[in-house]
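Peer 1: The following block contains the structure, expressed as C-alpha coordinates.
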Amino acid sequence: MNPVKVGLLGLGTVGGGTHNVLVRNAAEIARRAGREIVVTHAAAREYSAAGLEGIDRVTVGDDAFAVVNNPEIDIVVELIGGYSPARELVLQAIANGKHVVTANKALIALHGNEIFEAAQRRGVTVAFEAAVAGGVPIIKSLREGLAANHIEWIAGIINGTGNFILTEMKDKGRDFADVLAEAQALGYAEADPTFDVEGIDAAHKLTILASLAFGIPLQFERCYTEGISRIEPQDVTYAEQFGYRIKHLGVTRRTEHGVELRVHPTLIPERRLIANVDGVMNAVLVMGDAVGPTLYYGAGAGSLPTASAVVADIIDVTRTLTTDPENRVPHLAFQPGELSDMPVLPIDDVFTAYYLRMTVEDRPGVLAAVSGILSEHGISIEAMQQKEPAEGAAQVPLVMLTQSVRESQMKAALAQIEALDTVAGAVVRIRVEQLK
Ligand code: HSE
(Lines give C-alpha, C1' and ligand atoms only; values in the text may rest on other atoms or scores of the structure.)
Protein backbone atom coordinates (compact mmCIF):
# COMPACT_ATOMS: atom_id res chain seq x y z
CA MET A 1 0.00 0.00 0.00
CA ASN A 2 1.21 3.54 -0.72
CA PRO A 3 2.55 5.49 2.26
CA VAL A 4 0.25 8.04 3.87
CA LYS A 5 1.58 11.51 3.11
CA VAL A 6 1.67 14.09 5.86
CA GLY A 7 2.02 17.86 5.44
CA LEU A 8 3.43 19.48 8.57
CA LEU A 9 2.55 23.10 9.36
CA GLY A 10 5.21 24.33 11.80
CA LEU A 11 8.66 22.97 12.60
CA GLY A 12 9.03 24.49 16.06
CA THR A 13 9.11 22.68 19.41
CA VAL A 14 6.13 20.39 18.65
CA GLY A 15 6.52 20.28 14.85
CA GLY A 16 10.20 19.31 15.14
CA GLY A 17 9.39 16.67 17.75
CA THR A 18 6.59 15.25 15.57
CA HIS A 19 8.92 15.02 12.58
CA ASN A 20 11.60 13.29 14.64
CA VAL A 21 9.22 10.77 16.22
CA LEU A 22 7.76 9.87 12.81
CA VAL A 23 11.28 9.32 11.42
CA ARG A 24 12.76 7.61 14.45
CA ASN A 25 9.88 5.20 15.07
CA ALA A 26 8.87 4.80 11.38
CA ALA A 27 9.05 1.00 11.30
CA GLU A 28 7.12 0.53 14.55
CA ILE A 29 4.55 3.12 13.48
CA ALA A 30 4.01 1.36 10.11
CA ARG A 31 3.46 -1.93 11.95
CA ARG A 32 0.79 -0.27 14.08
CA ALA A 33 -0.87 1.78 11.34
CA GLY A 34 -0.76 -0.87 8.65
CA ARG A 35 0.95 1.59 6.27
CA GLU A 36 4.04 3.70 6.14
CA ILE A 37 3.53 7.31 7.24
CA VAL A 38 5.89 9.91 5.77
CA VAL A 39 6.17 13.67 6.06
CA THR A 40 6.59 14.81 2.47
CA HIS A 41 6.00 18.56 2.86
CA ALA A 42 6.37 21.09 5.65
CA ALA A 43 5.83 24.81 6.05
CA ALA A 44 7.81 26.93 8.47
CA ARG A 45 8.75 30.59 8.43
CA GLU A 46 11.98 29.95 10.27
CA TYR A 47 13.46 26.69 11.44
CA SER A 48 16.77 25.11 12.19
CA ALA A 49 17.61 21.92 10.28
CA ALA A 50 19.97 20.93 13.10
CA GLY A 51 18.28 18.27 15.18
CA LEU A 52 15.65 17.45 12.53
CA GLU A 53 16.52 13.92 11.45
CA GLY A 54 16.25 13.41 7.65
CA ILE A 55 14.66 16.83 7.03
CA ASP A 56 16.49 16.88 3.66
CA ARG A 57 13.91 14.33 2.41
CA VAL A 58 11.07 16.80 3.15
CA THR A 59 10.09 19.69 0.86
CA VAL A 60 10.11 22.66 3.23
CA GLY A 61 8.67 26.04 2.22
CA ASP A 62 7.21 29.03 3.98
CA ASP A 63 3.71 28.89 2.50
CA ALA A 64 1.38 26.88 4.75
CA PHE A 65 -1.54 27.29 2.31
CA ALA A 66 0.58 25.63 -0.42
CA VAL A 67 0.85 22.54 1.82
CA VAL A 68 -2.87 22.58 2.61
CA ASN A 69 -3.72 22.88 -1.11
CA ASN A 70 -1.23 20.25 -2.24
CA PRO A 71 -3.25 17.35 -3.74
CA GLU A 72 -0.58 14.82 -2.71
CA ILE A 73 -1.11 15.39 1.02
CA ASP A 74 -3.50 13.07 2.90
CA ILE A 75 -3.19 14.47 6.43
CA VAL A 76 -2.45 18.08 7.39
CA VAL A 77 -0.83 18.46 10.81
CA GLU A 78 -1.33 21.98 12.18
CA LEU A 79 1.31 22.87 14.78
CA ILE A 80 1.66 26.61 14.35
CA GLY A 81 -0.77 27.49 17.16
CA GLY A 82 -2.86 30.63 17.68
CA TYR A 83 -6.26 31.47 16.22
CA SER A 84 -5.33 32.83 12.81
CA PRO A 85 -4.26 31.73 10.23
CA ALA A 86 -4.63 28.32 11.96
CA ARG A 87 -8.45 28.48 11.62
CA GLU A 88 -8.31 29.38 7.92
CA LEU A 89 -5.69 26.70 7.23
CA VAL A 90 -7.68 23.99 8.99
CA LEU A 91 -10.95 24.97 7.27
CA GLN A 92 -9.16 25.02 3.91
CA ALA A 93 -7.65 21.58 4.54
CA ILE A 94 -11.13 20.26 5.40
CA ALA A 95 -12.62 21.86 2.27
CA ASN A 96 -9.88 20.09 0.29
CA GLY A 97 -11.01 16.77 1.78
CA LYS A 98 -7.94 16.30 3.97
CA HIS A 99 -7.87 14.95 7.49
CA VAL A 100 -6.38 17.26 10.09
CA VAL A 101 -4.38 16.67 13.25
CA THR A 102 -3.80 19.65 15.53
CA ALA A 103 -2.32 20.41 18.95
CA ASN A 104 -4.04 23.79 18.98
CA LYS A 105 -6.18 24.04 22.12
CA ALA A 106 -7.06 27.71 21.57
CA LEU A 107 -8.32 26.92 18.07
CA ILE A 108 -10.44 23.96 19.19
CA ALA A 109 -11.85 25.72 22.27
CA LEU A 110 -12.90 28.81 20.29
CA HIS A 111 -13.61 27.49 16.80
CA GLY A 112 -14.09 23.76 17.36
CA ASN A 113 -17.88 23.81 16.83
CA GLU A 114 -17.45 25.37 13.39
CA ILE A 115 -14.47 23.15 12.51
CA PHE A 116 -16.15 19.88 13.52
CA GLU A 117 -19.32 20.78 11.66
CA ALA A 118 -17.29 21.46 8.50
CA ALA A 119 -15.35 18.20 8.97
CA GLN A 120 -18.55 16.24 9.51
CA ARG A 121 -20.06 17.63 6.32
CA ARG A 122 -16.91 16.80 4.31
CA GLY A 123 -16.50 13.34 5.89
CA VAL A 124 -13.02 14.00 7.32
CA THR A 125 -11.56 13.76 10.81
CA VAL A 126 -10.01 16.53 12.90
CA ALA A 127 -7.98 14.92 15.68
CA PHE A 128 -6.73 16.93 18.66
CA GLU A 129 -5.31 14.64 21.37
CA ALA A 130 -2.28 16.89 21.89
CA ALA A 131 -4.50 19.91 22.64
CA VAL A 132 -5.08 18.82 26.25
CA ALA A 133 -2.38 17.69 28.70
CA GLY A 134 0.28 17.14 26.02
CA GLY A 135 1.32 13.49 25.94
CA VAL A 136 -1.38 12.27 28.34
CA PRO A 137 -4.05 10.41 26.29
CA ILE A 138 -6.94 12.00 28.14
CA ILE A 139 -9.06 12.70 25.06
CA LYS A 140 -8.94 9.09 23.92
CA SER A 141 -9.68 7.97 27.48
CA LEU A 142 -12.74 10.18 27.79
CA ARG A 143 -14.02 9.55 24.30
CA GLU A 144 -13.46 5.80 24.17
CA GLY A 145 -12.12 4.22 27.37
CA LEU A 146 -14.78 5.79 29.60
CA ALA A 147 -17.62 5.70 27.06
CA ALA A 148 -19.77 3.49 29.31
CA ASN A 149 -19.87 6.07 32.09
CA HIS A 150 -22.03 8.96 33.11
CA ILE A 151 -19.15 11.37 33.81
CA GLU A 152 -19.84 13.30 37.01
CA TRP A 153 -16.88 15.64 37.24
CA ILE A 154 -13.33 16.30 36.11
CA ALA A 155 -10.59 18.15 37.96
CA GLY A 156 -7.28 18.71 36.26
CA ILE A 157 -3.88 20.29 36.55
CA ILE A 158 -3.74 21.14 32.87
CA ASN A 159 -1.16 23.91 32.67
CA GLY A 160 2.41 22.81 33.30
CA THR A 161 3.80 26.32 33.59
CA GLY A 162 1.36 27.30 36.34
CA ASN A 163 1.99 24.06 38.21
CA PHE A 164 5.75 24.58 37.95
CA ILE A 165 5.40 28.08 39.41
CA LEU A 166 3.23 26.94 42.35
CA THR A 167 5.54 23.99 43.06
CA GLU A 168 8.66 26.16 43.15
CA MET A 169 6.90 28.73 45.38
CA LYS A 170 5.92 25.96 47.81
CA ASP A 171 9.18 23.98 47.83
CA LYS A 172 11.72 26.75 47.55
CA GLY A 173 9.82 29.90 48.50
CA ARG A 174 10.83 31.32 45.12
CA ASP A 175 9.50 34.49 43.66
CA PHE A 176 6.67 34.29 41.09
CA ALA A 177 8.41 36.29 38.32
CA ASP A 178 11.66 34.42 38.70
CA VAL A 179 10.00 31.00 38.26
CA LEU A 180 7.95 32.22 35.29
CA ALA A 181 11.16 33.33 33.54
CA GLU A 182 12.59 29.83 34.04
CA ALA A 183 9.43 28.17 32.61
CA GLN A 184 9.73 30.42 29.56
CA ALA A 185 13.39 29.50 29.10
CA LEU A 186 12.45 25.78 29.31
CA GLY A 187 9.96 26.26 26.44
CA TYR A 188 6.84 25.34 28.42
CA ALA A 189 5.15 28.73 28.59
CA GLU A 190 2.79 30.05 25.92
CA ALA A 191 3.98 32.79 23.55
CA ASP A 192 1.93 35.13 25.74
CA PRO A 193 2.65 33.88 29.29
CA THR A 194 -0.50 35.54 30.65
CA PHE A 195 -2.30 32.61 28.96
CA ASP A 196 -0.53 30.35 31.47
CA VAL A 197 -0.63 32.42 34.64
CA GLU A 198 -4.10 33.90 34.17
CA GLY A 199 -5.62 30.49 33.40
CA ILE A 200 -6.61 31.12 29.77
CA ASP A 201 -4.63 28.12 28.48
CA ALA A 202 -6.19 25.90 31.16
CA ALA A 203 -9.64 27.29 30.28
CA HIS A 204 -9.11 26.32 26.62
CA LYS A 205 -8.28 22.78 27.71
CA LEU A 206 -11.07 22.53 30.29
CA THR A 207 -13.62 23.70 27.72
CA ILE A 208 -12.58 20.77 25.51
CA LEU A 209 -12.71 18.27 28.38
CA ALA A 210 -16.20 19.43 29.44
CA SER A 211 -17.57 18.95 25.93
CA LEU A 212 -16.13 15.45 25.71
CA ALA A 213 -17.36 14.51 29.18
CA PHE A 214 -20.90 15.86 28.99
CA GLY A 215 -21.64 16.03 25.26
CA ILE A 216 -22.16 19.79 25.17
CA PRO A 217 -20.94 22.25 22.51
CA LEU A 218 -17.61 24.00 23.16
CA GLN A 219 -18.31 27.15 25.21
CA PHE A 220 -14.99 28.78 26.07
CA GLU A 221 -16.66 32.16 26.56
CA ARG A 222 -18.63 30.74 29.52
CA CYS A 223 -15.59 29.38 31.35
CA TYR A 224 -14.85 31.25 34.60
CA THR A 225 -11.11 31.94 34.72
CA GLU A 226 -8.94 33.13 37.59
CA GLY A 227 -5.12 33.04 37.53
CA ILE A 228 -2.41 32.40 40.08
CA SER A 229 -0.64 35.74 40.00
CA ARG A 230 -2.23 36.87 43.29
CA ILE A 231 -1.22 33.76 45.29
CA GLU A 232 1.19 34.75 48.05
CA PRO A 233 3.77 32.50 49.73
CA GLN A 234 1.94 32.95 53.06
CA ASP A 235 -1.23 31.40 51.53
CA VAL A 236 0.81 28.37 50.44
CA THR A 237 2.12 28.09 54.03
CA TYR A 238 -1.28 28.50 55.73
CA ALA A 239 -2.84 25.98 53.32
CA GLU A 240 -0.15 23.48 54.34
CA GLN A 241 -0.91 24.11 58.01
CA PHE A 242 -4.55 23.14 57.33
CA GLY A 243 -3.38 19.99 55.47
CA TYR A 244 -3.95 21.32 51.94
CA ARG A 245 -1.94 22.19 48.82
CA ILE A 246 -2.78 25.01 46.44
CA LYS A 247 -3.12 23.87 42.83
CA HIS A 248 -4.36 25.72 39.76
CA LEU A 249 -7.26 23.47 38.83
CA GLY A 250 -9.70 23.27 35.99
CA VAL A 251 -12.96 21.89 37.39
CA THR A 252 -16.04 20.89 35.43
CA ARG A 253 -18.99 19.23 37.11
CA ARG A 254 -22.45 18.17 36.00
CA THR A 255 -25.13 19.40 38.43
CA GLU A 256 -28.91 19.23 38.20
CA HIS A 257 -28.97 22.92 37.21
CA GLY A 258 -26.18 22.87 34.62
CA VAL A 259 -22.47 22.42 34.10
CA GLU A 260 -19.80 24.08 36.23
CA LEU A 261 -16.84 25.21 34.11
CA ARG A 262 -14.14 26.99 36.09
CA VAL A 263 -10.39 27.47 36.34
CA HIS A 264 -8.97 28.91 39.56
CA PRO A 265 -6.42 28.34 42.31
CA THR A 266 -7.81 25.67 44.61
CA LEU A 267 -6.94 24.18 47.99
CA ILE A 268 -7.02 20.37 47.80
CA PRO A 269 -6.29 17.90 50.61
CA GLU A 270 -2.60 17.01 50.55
CA ARG A 271 -3.36 13.28 50.76
CA ARG A 272 -5.02 13.23 47.32
CA LEU A 273 -2.72 11.82 44.62
CA ILE A 274 -3.37 14.84 42.41
CA ALA A 275 -2.19 17.19 45.17
CA ASN A 276 1.25 15.61 44.74
CA VAL A 277 1.54 16.29 41.02
CA ASP A 278 4.43 18.72 40.92
CA GLY A 279 6.57 20.70 38.50
CA VAL A 280 5.47 20.86 34.87
CA MET A 281 3.55 17.59 35.10
CA ASN A 282 -0.17 17.48 34.32
CA ALA A 283 -2.86 15.25 35.82
CA VAL A 284 -6.56 14.85 35.14
CA LEU A 285 -8.90 13.21 37.65
CA VAL A 286 -12.16 11.92 36.14
CA MET A 287 -15.12 10.67 38.17
CA GLY A 288 -17.33 8.24 36.27
CA ASP A 289 -20.43 6.66 37.79
CA ALA A 290 -19.38 3.11 36.91
CA VAL A 291 -15.59 3.21 37.10
CA GLY A 292 -15.27 5.66 40.01
CA PRO A 293 -12.23 7.96 40.05
CA THR A 294 -9.47 7.46 37.46
CA LEU A 295 -6.33 9.59 37.27
CA TYR A 296 -4.28 10.34 34.16
CA TYR A 297 -0.78 11.71 34.71
CA GLY A 298 2.16 12.69 32.54
CA ALA A 299 4.06 15.42 30.74
CA GLY A 300 1.66 18.15 29.65
CA ALA A 301 4.08 20.03 27.44
CA GLY A 302 7.41 19.73 25.68
CA SER A 303 8.57 18.58 22.28
CA LEU A 304 8.50 14.77 22.43
CA PRO A 305 5.61 14.30 24.90
CA THR A 306 3.36 16.51 22.75
CA ALA A 307 4.65 14.80 19.59
CA SER A 308 3.66 11.46 21.15
CA ALA A 309 0.01 12.58 21.14
CA VAL A 310 0.22 14.15 17.67
CA VAL A 311 1.70 10.98 16.15
CA ALA A 312 -0.88 8.80 17.91
CA ASP A 313 -3.57 10.89 16.19
CA ILE A 314 -1.84 10.54 12.82
CA ILE A 315 -1.82 6.76 13.32
CA ASP A 316 -5.49 6.79 14.36
CA VAL A 317 -6.45 8.81 11.29
CA THR A 318 -4.42 6.48 9.06
CA ARG A 319 -6.23 3.45 10.46
CA THR A 320 -9.61 4.99 9.70
CA LEU A 321 -8.83 6.28 6.19
CA THR A 322 -10.84 3.51 4.63
CA THR A 323 -13.72 3.49 7.13
CA ASP A 324 -17.10 4.97 6.49
CA PRO A 325 -17.15 8.51 8.05
CA GLU A 326 -20.42 7.70 9.85
CA ASN A 327 -18.68 4.94 11.79
CA ARG A 328 -15.74 6.91 13.16
CA VAL A 329 -15.52 8.00 16.79
CA PRO A 330 -17.38 11.36 16.94
CA HIS A 331 -15.22 14.46 17.40
CA LEU A 332 -16.84 15.44 20.70
CA ALA A 333 -17.42 11.85 21.91
CA PHE A 334 -21.21 12.06 21.43
CA GLN A 335 -22.96 11.85 18.06
CA PRO A 336 -23.19 15.39 16.60
CA GLY A 337 -27.01 15.32 16.62
CA GLU A 338 -27.01 14.27 20.29
CA LEU A 339 -25.24 17.25 21.86
CA SER A 340 -27.06 18.55 24.93
CA ASP A 341 -28.15 22.12 25.57
CA MET A 342 -27.41 21.82 29.30
CA PRO A 343 -26.41 25.37 30.34
CA VAL A 344 -23.01 26.35 31.73
CA LEU A 345 -23.65 27.83 35.18
CA PRO A 346 -22.56 31.39 35.96
CA ILE A 347 -19.88 31.36 38.67
CA ASP A 348 -22.28 33.17 41.06
CA ASP A 349 -24.40 29.99 41.15
CA VAL A 350 -21.52 27.60 41.88
CA PHE A 351 -21.15 26.11 45.39
CA THR A 352 -17.66 25.63 46.87
CA ALA A 353 -15.96 25.81 50.23
CA TYR A 354 -13.47 28.63 50.78
CA TYR A 355 -10.12 29.51 52.33
CA LEU A 356 -10.22 33.12 53.58
CA ARG A 357 -7.33 35.27 54.78
CA MET A 358 -7.85 38.75 56.14
CA THR A 359 -5.75 41.25 58.05
CA VAL A 360 -7.61 42.44 61.15
CA GLU A 361 -7.11 44.77 64.11
CA ASP A 362 -5.94 42.88 67.18
CA ARG A 363 -8.75 43.93 69.56
CA PRO A 364 -11.89 42.47 71.18
CA GLY A 365 -15.01 42.03 69.06
CA VAL A 366 -13.28 41.78 65.70
CA LEU A 367 -13.64 38.03 65.38
CA ALA A 368 -17.26 38.22 66.54
CA ALA A 369 -18.05 40.83 63.88
CA VAL A 370 -16.49 38.74 61.11
CA SER A 371 -18.11 35.48 62.17
CA GLY A 372 -21.43 37.31 62.67
CA ILE A 373 -21.43 38.46 59.03
CA LEU A 374 -20.53 34.97 57.79
CA SER A 375 -23.31 33.48 59.89
CA GLU A 376 -25.88 36.04 58.58
CA HIS A 377 -25.08 34.74 55.08
CA GLY A 378 -25.44 31.11 56.15
CA ILE A 379 -21.69 30.48 55.94
CA SER A 380 -20.33 27.99 58.41
CA ILE A 381 -16.69 28.12 59.58
CA GLU A 382 -14.89 24.76 59.33
CA ALA A 383 -11.49 25.71 60.81
CA MET A 384 -9.76 28.91 61.89
CA GLN A 385 -6.33 30.19 62.88
CA GLN A 386 -5.31 33.54 64.30
CA LYS A 387 -1.60 34.15 64.61
CA GLU A 388 0.05 35.97 67.52
CA PRO A 389 0.73 39.58 66.57
CA ALA A 390 4.33 40.38 65.68
CA GLU A 391 6.16 42.47 68.32
CA GLY A 392 4.45 45.88 68.42
CA ALA A 393 2.04 45.09 65.55
CA ALA A 394 -1.58 46.21 65.82
CA GLN A 395 -2.86 43.91 63.06
CA VAL A 396 -2.92 40.12 62.75
CA PRO A 397 -3.74 37.66 59.97
CA LEU A 398 -6.97 35.72 60.46
CA VAL A 399 -7.19 32.60 58.32
CA MET A 400 -10.18 30.28 58.00
CA LEU A 401 -11.79 27.50 56.02
CA THR A 402 -15.54 27.61 55.44
CA GLN A 403 -18.07 25.00 54.47
CA SER A 404 -19.62 24.97 50.99
CA VAL A 405 -21.55 28.09 50.05
CA ARG A 406 -23.02 29.66 46.92
CA GLU A 407 -20.50 32.05 45.33
CA SER A 408 -22.95 34.99 45.35
CA GLN A 409 -23.46 34.56 49.14
CA MET A 410 -19.72 34.56 49.72
CA LYS A 411 -19.28 37.70 47.60
CA ALA A 412 -21.98 39.51 49.58
CA ALA A 413 -20.46 38.47 52.91
CA LEU A 414 -16.95 39.51 51.87
CA ALA A 415 -18.18 42.94 50.73
CA GLN A 416 -19.57 43.49 54.27
CA ILE A 417 -16.43 42.17 55.95
CA GLU A 418 -14.18 44.36 53.83
CA ALA A 419 -16.29 47.38 54.83
CA LEU A 420 -15.51 46.85 58.56
CA ASP A 421 -13.09 49.45 60.03
CA THR A 422 -11.27 46.65 61.77
CA VAL A 423 -10.44 44.75 58.55
CA ALA A 424 -7.57 46.11 56.45
CA GLY A 425 -7.67 45.77 52.67
CA ALA A 426 -9.20 43.01 50.61
CA VAL A 427 -9.94 39.53 51.91
CA VAL A 428 -7.95 36.85 50.06
CA ARG A 429 -10.27 34.01 49.07
CA ILE A 430 -9.34 30.72 47.44
CA ARG A 431 -11.86 27.98 46.68
CA VAL A 432 -11.49 24.57 48.34
CA GLU A 433 -12.32 21.22 46.71
CA GLN A 434 -12.29 17.86 48.53
CA LEU A 435 -12.28 15.84 45.24
CA LYS A 436 -13.92 12.86 46.92
N1 HSE B 1 1.84 26.41 28.07
C2 HSE B 1 1.29 25.10 28.18
C3 HSE B 1 1.61 24.59 29.57
C4 HSE B 1 1.88 24.23 27.12
O5 HSE B 1 2.43 25.19 30.28
O6 HSE B 1 1.02 23.61 29.98
C7 HSE B 1 1.10 22.98 26.84
O8 HSE B 1 -0.21 23.24 26.42
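The values are calculated or read from the model by the stated rules, or taken from the named source; none is laboratory data. Every value quoted in this text rests on a predicted model; they were computed, and no experiment measured them. Using ideal geometry, Cβ is built from the backbone for each residue, glycine included, and neighbour counts are taken over all protein chains shown. Protein only, heavy atoms only, side chains kept; ligands, DNA and RNA dropped before computing areas. Shrake-Rupley method; radii C 1.70, N 1.55, O 1.52, S 1.80 Å.
Peer 1: List pairs: first residue in the stretch 182-201 and under 17 Å from VAL14 (Cβ atoms) and touching a residue at least 24 places away in the same chain (Cβ under 8 Å), second residue within 10 Å of the ligand (Cβ to nearest atom) and open to solvent by 60 Å² or more (accessible area, probe 1.4 Å) anywhere in the structure, Cβ distance under 7 angstrom, at least six positions apart or on different chains.
Peer 2: Short answer, once both residue conditions are applied: GLY187/THR13.
Peer 1: Tell me which strands (runs of 3 or more DSSP E) are completely within the stretch 241-292 and hold 2 or more residues being within 16 Å of the ligand (Cβ to nearest atom) and either basic (Lys, Arg) or touching a Lys or Arg at 6+ places or on another chain (Cβ under 7 Å) (or both), or say none if there are none.
Peer 2: Hits in the stretch 241-292: 244-254.
Peer 1: Let me ask another. One residue is enough: does the stretch 76-93 have a residue meeting the conditions open to solvent by 10 Å² or more (accessible area, probe 1.4 Å), among the acidic types (Asp, Glu), modelled with pLDDT of 95 or more and assigned to a helix (DSSP H, G or I)?
Peer 2: yes
Peer 1: For the stretch 376-435: of the residues being in contact with a Lys or Arg (Cβ under 6 Å, 6 or more places away or on another chain) and within 20 Å of HIS264 (Cα to Cα), which is most open to solvent (accessible area, probe 1.4 Å)?
Peer 2: My answer is VAL428.
Peer 1: When you look at ALA155, is it assigned to a helix (DSSP H, G or I), modelled with pLDDT of 95 or more and either under 14 Å from the mean Cα position of the chain (by Cα) or farther than 30 Å from ALA66 by Cβ (or both), yes or no?
Peer 2: no
Peer 1: Since ALA130 meets every condition but one in (1) within 16 Å of the ligand (Cβ to nearest atom); (2) in a strand (DSSP E or B), which condition does it not meet?
Peer 2: (2)
Peer 1: Could you run through the stretch 1-36 and say how many residues are touching an Asp or Glu at 6+ places or on another chain (Cβ under 6 Å) and farther than 17 Å from ASP62 by Cα?
Peer 2: Of the residues in that region, 6 qualify.
Peer 1: So ALA147 clears everything in (1) in contact (Cβ under 8 Å) with a residue 60 or more places away in the chain; (2) open to solvent by 50 Å² or more (accessible area, probe 1.4 Å); (3) more than 26 Å from ALA202 (Cβ to Cβ) except one condition, right? Which one?
Peer 2: (3)
Peer 1: Follow-up. Specify which of the listed residues (LEU206, LEU166) is within 14 Å of the ligand (Cβ to nearest atom), touching a residue at least 40 places away in the same chain (Cβ under 8 Å) and either in a strand (DSSP E or B) or under 13 Å from the mean Cα position of the chain (by Cα) (or both).
Peer 2: Exactly one residue qualifies, and that residue is LEU206.
Peer 1: Exactly one condition in (1) aliphatic (A, V, I, L, M); (2) away from the ligand (no atom under 16 Å from the Cβ); (3) touching a residue at least 40 places away in the same chain (Cβ under 8 Å) is not met by ILE158; state its number.
Peer 2: Among (1) aliphatic (A, V, I, L, M); (2) away from the ligand (no atom under 16 Å from the Cβ); (3) touching a residue at least 40 places away in the same chain (Cβ under 8 Å), ILE158 violates only (2).
Peer 1: What's the total number of residues in the stretch 175-197 that are of a type outside the set (Val, Ile, Thr), assigned to a helix (DSSP H, G or I) and within 11 Å of the ligand (Cβ to nearest atom)?
Peer 2: Qualifying residue count for the region: 5.
Peer 1: Looking at VAL14, VAL38, VAL67, VAL23, which is the one that is surrounded by 13 or more Cβ atoms within 10 Å (Cβ to Cβ), aliphatic (A, V, I, L, M) and outside any helix (DSSP H, G or I)?
Peer 2: After ruling out the rest, the residue left standing is VAL38.
Peer 1: Out of (1) open to solvent by 50 Å² or more (accessible area, probe 1.4 Å); (2) under 25 Å from ALA312 (Cβ atoms); (3) in a helix (DSSP H, G or I), the odd one out for ASP171 is which?
Peer 2: (2)
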